[in-house]
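Report on the following structure.
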Amino acid sequence: MELYIDTANIQEIKEALSWGCITGATTNPKIMSNEKGGYSFKDKILEIVELVKEPVSVEVTEEDFQGMVDEAKIYASWHENIVIKIPMGIEGLKAVAQLEKYENVKTNVTAIMATNQAILAALSGASYASIFYGRISDMGYDPVGVIKETSALYKELNIGTKLIVGSIRTILDVNKAFLAGADIVTVPFPILKKMTQNPKTEETIKEFNSIWKEMKEKGLIRLDQEIPARKLTFALANEV
Ligand code: E4P
């Protein structure tokens with residue numbers, strides 16, 4: 001079970017990484033367009049890669065086999081942790097086979113909406129296959145079924161392709177994707193943040209801390225040593 005962050009925003013990536021539960025990042029042309037214009041694509045990707053220190057998916061935009069392979073080779077040459085997102089389709093599958101078998105480039109077949117497509121991605125040799133949870137729901141189909149079938153087939157046939165679930169819209173999507181067998185779920189930052197929150201958790205912590213504060217104020221408990229909580233938080237934030 002792994003969580004990736006689905007963003008190209010540096011602040012979001014830094015913040016999420018500091019929580020210690022993120023082991024990769026995914027981008028796509030739409031995600032890149034959310035960032036302020038005028039930046040260098042290569043510099044931005046390298047900044048993300050240096051921060052994440054784990055796989056970062058970067059998507060090609062060419063639409064034919066040769067174009068995709070050429071574009072993928074350029075991005076992959078920037079850093080060994082760059083994984084190339086190749087859109088599902090005939091040209092894409094050809095590009096995946098070429099890149100994985102002959103060019104030593106890791107690929108992530110993207111925009112998968114059905115089990116049959118996930119089967120093809122795996123058999124073409126893709127390192128990762130990305131099923132789009134929200135977009136499958138948009139069509140009125142059940143993404144859980146697609147994830148369950150794909151996960152079962154990959155396990156049964158001992159296929160090494162890792163199953164990523166993206167296009168996450170709610171925190172329930174994350175839970176359901178993992179329960180259905182996703183190896184990795186890639187989550188936008190706002191949803192990641194919501195995953196930390198629960199009103200009952202907040203109420204409980206408030207209750208415990210106010211009791212503790214009262215005990216200290218009334219002198220009912222003596223602390224033998226002050227805990228330098230602020231210094232500790234500061235040190236952790238600075239490490240990021
Ligand atoms: C996954 O790798 C994609 O980047 C992403 O999750 C697509 O999600 P969307 O449906 O929100 O565009």
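The values are calculated or read from the model by the stated rules, or taken from the named source; none is laboratory data. Remember, predicted model here, so these are calculated numbers, not experimental data. Here the Cβ is made from the backbone with ideal geometry for all residues, glycine too, and neighbour counts use every protein chain on show.
Exactly one residue out of K200, K148, K231, K206 is modelled with pLDDT of 95 or more, in a helix (DSSP H, G or I), more than 16 Å from the ligand (Cβ to nearest atom) and exposed (fewer than 10 other Cβ atoms within 10 Å of the Cβ): that is K200.
Per-residue answers, yes or no, for (1) in contact (Cβ under 8 Å) with a residue 40 or more places away in the chain; (2) under 18 Å from the mean Cα position of the chain (by Cα); (3) over 28 Å from I136 (Cα atoms):
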| position | (1), (2), (3) |
| --- | --- |
| Q66 | no, no, yes |
| L99 | no, no, no |
| T110 | yes, yes, no |
| A114 | no, no, no |
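Being within 15 Å of the ligand (Cβ to nearest atom) and aliphatic (A, V, I, L, M), is that true of even one residue in the range 58-76? The answer is yes; a qualifying residue exists. Of all the criteria given as (1) within 14 Å of the ligand (Cβ to nearest atom); (2) assigned to a strand (DSSP E or B); (3) surrounded by fewer than 21 Cβ atoms within 10 Å (Cβ to Cβ), the one not satisfied by I86 is (3). Among the residues of the range 126-143, just one is crowded, with 18+ Cβ neighbours inside 10 Å and farther than 19 Å from N28 by Cα, namely P143.
Restricting the search to the range 102-117, which residues are within 16 Å of F132 (Cα to Cα) and away from the ligand (no atom under 14 Å from the Cβ)? Scanning the range 102-117 gives A114, T115, N116, Q117.
Only one entry of K42, K53, K30, K14 meets the criterion of being at pLDDT 95 or above and within 16 Å of the ligand (Cβ to nearest atom), and that entry is K30.
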